[in-house]
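Notes follow once the structure below has been shown.
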Amino acid sequence: MQKFLTVATILKPQGIRGEIKVMPLTDSEDNLKSFSSVIIAGVSYKVLACRTAGGYAYITLRGVADRNAAELLRGKEVLVDRDEAPELPEDRVYIADVIGCELVTEEGEKIGKVLDVTPARTDIYTVLTGDKEVMFPAADGVIVSVDTEGGVVTVNKKRFEEVALI
């Protein structure tokens, strides 16, 4: 398991006092309010303030005093230590834990390896099958189970073939 989790992407500076506007990659932008520190481009920052509005979070960091300093962070990912991340409900997993898992059918047929998961209303999985990438949405009935400890994502073969972009 990864020690750090990506929780947001920095969109732009907000105002002139160094605040940054971020796109949360969590279930709720309010989750970002619980972090006391974040890591951006390998540098640890203490979170001084965090507010949310309209699906975005606005974060003030120690050491980012003005708009110019905030501009240097544009496009970077915001990471947090896994120990500081909130506990997930039993049926939820962190995307970082799914990447690298083997994708198999209920019958045990190997399909490929999960390369990426794009967060959306219905997450989009990218899987390497042989030498090509296949994408599929995590629509109803496609994913049967996710075992991050065992490194296996199990799908319903029929539903997978219906929705996969091959």
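Figures for the structure shown
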| quantity | calculated |
| --- | --- |
| For the stretch 1-116: lysine pairs under 13 Å (alpha-carbon distance), excluding those fewer than 8 apart on one chain | 4 |
| Convex hull volume per residue for the chain, taking Cα atoms only, in Å³ | 126 |
| Nitroxide proxy distance, nm - points 7 Å out along Cα→Cβ at Lys132 and Ile166 | 0.8 |
| Euclidean distance of C-alpha centroids, the stretch 1-73 and the stretch 90-109, integer Å | 29 |
| Longest segment of the chain lacking trypsin sites (Lys or Arg not before Pro) that sit in a DSSP loop with at most 13 other Cβ atoms within 10 Å | 122-166 |
| Whole-number percent relative contact order across the chain, with pairs defined as alpha carbons under 8 Å at least 6 apart | 19 |
| Residue of Thr154, Thr122, Thr26 that the Gaussian network model of the chain assigns the largest fluctuation, springs spanning Cα pairs under 10 Å | Thr122 |
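No lab work stands behind these numbers, since they all come straight from the coordinates. Everything quoted here is computed from the prediction, not taken from an experiment. Quick reminder, even Gly has a Cβ in these numbers, built from the backbone with ideal geometry, and neighbours come from all protein chains shown.
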